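Before any comments, here is the structure.
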Amino acid sequence: MYSNEDFLIELLSEAGYLTPQDLQQVKINKKGQETPLETLIKTGVVSDEQLAQLVASNSGMEYIDLHGFAANPALKGLVPLETALKYKLVPIGMNGGALQVAVADPYNFETLDALPHVLQPDLEIYCSTPNLIREVQANIYGNEAIMGTGGTKIPGSDTGNDGDAPIIKLVTNTLMDAFRNRSSDIHIEPMEKDIRVRFRMDGVMVDIEHHPKRLLPSIIARIKIMTGTMSIDEKRVPQDGRIQMKFGDKELDLRVSIIPTQNGESVVMRVLDKSSLRLGLSDLGFFSDDQDTFEKLISLPDGIVLVTGPTGSGKTTTLYACLNFINRPDRKIITVEDPVEYELPGINQVMVKEDVGMTFAAALRAMLRQAPNIIMLGEIRDAETAGIAIQASLTGHLVFSTLHTNDAPSAVARLADIGIKPFLIASAVRGILAQRLVRKLCNDCKQPTSLTAKEMRQLGLEAGQLSGATIMGPKGCNKCRNSGYRGRMVIAEIFKIDDEVRSMINQRLTTPQLRKRARELGMRTLREDGVRKVLAGATTAEEVIEATMSDAD
């Protein structure tokens, strides 16, 4: 029961619990089947609770009375059953990010040393009686589960569900598998009869595995614990958090969203790949001519450079690549983001917190008092933010931001729609990049192929244009999980605002008119840039056609 009974008997004697006759009886019973402490407790010399309180006080721990403890079944997601039985402990809750457990033997130093490694470094350890800990174990994990592991059934206690799976290992393996497969999202979705786990890989949802529905509370509890900020008991409202952990020498960072659904709580974890912080424009898939043009735009001393596209088109990653390109010790760069997903070295980052009044506009006003050279706004959402950004650009600042528009010329109309006067747009905006992401063919297994007549027609190609082209298609191998694709690349159109275009904006010409003139001045459309990459064997016609459905040309 206890690891150092002789010491505890001396402790009881010093505390006045034992008379000389009691000590004599202890010496006699050392030869019996019961341990001395068991004899003292059985004969009523000292109670379980008195001993545990004395042990807790002497060891510097806090005693916790587990009588009537309302054991939430979700607690078994915090500690696997095998661990609870092996170390004679029980999970009792969370305090912020600290896991709270109760142990029966504070003098088992081997156990205490192991727990931060077996469970998590941030622990709050309490002391309780062995009997109470066993009773709470039975309430949490169920007698059947305990009996299934060779444990002892607790008479009179409640029975629970089937044996608890090693939830910690299951969740950790899922995260590691997502990281190894370079997934951008992990979806854990409760279905009617099971739990579906899907990864988003290279923009495509892939069914990975299914788990028994009974594991859902434990899986959700484990994920909530890993964030350190979510409430295990709250299942009625959405919760957001973040998980940071190490995978070998790599840091894994996930943004977690949990929402209640008809079948239970559903989890989406976005994998924040910090390697994208070091990407250059060439790593994103720009051909050298477009990269040259865009680098000249982002090297200007002032004005606004916009990146447009739908959600999930890689706009933020492109902005980070821009900041990497222009970040130097003699420049002060400040960003406003909602939320700050990646920490950028050498750059001041501000997180939007609308509940306390820190909106994009409020943050931007405050930033201007910090005398920055370069400002990055996560998104221009309204007239107030757009107006301040334009004023900043007209007073000597270089401003980067994003807009949700289908193509580059449409960004002019979008700014006008939210209330910015055309002459201000013409004066402030230096260039607009519209982009999409398409999957790259796996370099280890791609193979020569040909285009169908329909693909040729959709891409606007004629047979003569295929001379010297390297048309490739997907095959599938172990490195790309038999998909034929590995990674994604940008297809882009760059709209430069020169004096002629400024005049057209001032004249309030329509988006089709602006687009027509931009084409005449040499702007390639999204689809045309995609065609170049198909002819170079980097992606497929199918990818480009699907990504540029809205391309008018």
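The values are calculated or read from the model by the stated rules, or taken from the named source; none is laboratory data. What you see is a predicted model; the values in this text were computed from it and never measured. Here the Cβ positions follow ideal geometry from the backbone for every residue, glycine too, while neighbour counts run over all protein chains shown. Accessible surface areas use protein heavy atoms only, side chains included; no ligands, DNA or RNA. Shrake-Rupley method; radii C 1.70, N 1.55, O 1.52, S 1.80 Å.
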Measure up Lys86/Lys235; Lys315/Lys533; Lys250/Lys475 against 25 Å on the Cα-Cα distance and list the ones that go over. Lys86/Lys235; Lys250/Lys475
Could you work out how far helix 5-14 tilts from the main Cα principal axis of the chain, as a 0 to 90 degree angle to the nearest 10? 70 degrees
As I understand it, the dipole of the chain uses +1 on the Cβ of Lys and Arg and -1 on the Cβ of Asp and Glu, about the Cα centre. Which of Leu368, Gly431, Gly487 lies farthest toward its positive end? Gly431
For segment 415-553, just say rounded, prolate or oblate: build the C-alpha gyration tensor, square-root its eigenvalues into a ≥ b ≥ c, call rounded for a/c under 1.5, and beyond that prolate if a/b exceeds b/c, oblate if not. prolate
Can you find, among Leu521, Val531, Met504, the residue sitting farthest towards the positive end of the charge dipole of segment 467-553, where Lys and Arg contribute +1 and Asp and Glu -1 at Cβ? Val531
Count charges around Ile388 for me, please; just the other residues with Cβ under 14 Å from its Cβ, Lys/Arg as +1, Asp/Glu as -1. 0
Could you give the angle, 0 to 90 degrees to the nearest 10, between helix 511-520's Cα long axis and the longest principal axis of the Cα atoms of the chain? 70 degrees
Could you please state, rounded to a whole Å, how far the C-alpha centre of segment 413-491 is from the C-alpha centre of segment 60-85? 54 Å
Taking the DSSP beta bridges in the chain as the whole, what percent of them are antiparallel, to the nearest 5? 65 percent
Sequence gap at least 6, Cα distance under 8 Å: using those rules, report the relative contact order of segment 310-366 to the nearest whole percent. 24 percent
Given an 8 Å cut-off on Cα distances and at least 6 residues of separation, report the relative contact order of the chain as a percent. 9 percent
Along the charge dipole of the chain, Cβ charges K/R +1 and D/E -1, which of Val206, Val356, Tyr17 sits furthest on the positive end? Val206
So what are the ³J(HN,Hα) numbers for segment 304-309, from phi and the Karplus equation (6.51, -1.76, 1.60; θ = phi - 60°), rounded to whole Hz, Gly and Pro as x? 10, 10, 10, 10, 10, x
Rounded if a/c is under 1.5, else prolate if a/b beats b/c, else oblate: with a ≥ b ≥ c from the C-alpha gyration tensor eigenvalues square-rooted, which is segment 300-407? rounded
Percent accessible area from carbon and sulfur atoms, the chain, protein chains only, probe 1.4 Å: 47 percent
Quick note, segment 436-505: a/c under 1.5 would make it rounded; otherwise a/b > b/c is prolate and the rest oblate (a ≥ b ≥ c, C-alpha gyration tensor); here it is oblate
So for segment 306-401: antiparallel DSSP bridges make up what percent, rounded to the nearest 5? 10 percent
Read-out Cα extents along the principal axes in Å, candidates [x] 108, 62, 59; [y] 107, 57, 41; [z] 85, 60, 50; calculated match is [y]
At a Cα cut-off below 22 Å, give the lysines reachable from Lys88, other chains included and same-chain residues fewer than 8 away excluded. Lys42, Lys76, Lys153, Lys169
Give me the percent relative contact order of segment 336-404, please, defined on Cα pairs under 8 angstrom at least 6 residues apart. 30 percent
Around Asn348, what is the net charge, scoring Lys/Arg as +1 and Asp/Glu as -1 over all other residues with Cβ under 14 Å from its Cβ? +1
Quick check for me: using +1 on Lys/Arg Cβ and -1 on Asp/Glu Cβ, what's the dipole size of the chain about its Cα centre, in debye to the nearest 20? 2120 debye
What ranking, highest mean first, results for peptides 333-342, 413-422, 385-394, 13-22 when packing means the other Cβ atoms within 10 Å averaged over each residue? 385-394, 333-342, 413-422, 13-22
For the chain, the per residue accessible area (1.4 Å probe, Å²) is 47 Å²
So in the chain, which Cys have no other cysteine's beta-carbon sitting under 4.7 angstrom from theirs? Cys127, Cys322
If amide H atoms are modeled at 1.01 Å from N in the peptide plane, then the residues at a separation of 5 or more from Ser266, or on another chain, having amide H under 5 Å from its own are Ile259, Thr261
Using Cα positions and a limit of under 17 Å, work out the lysines in reach of Lys193, with same-chain residues fewer than 8 apart set aside. Lys213
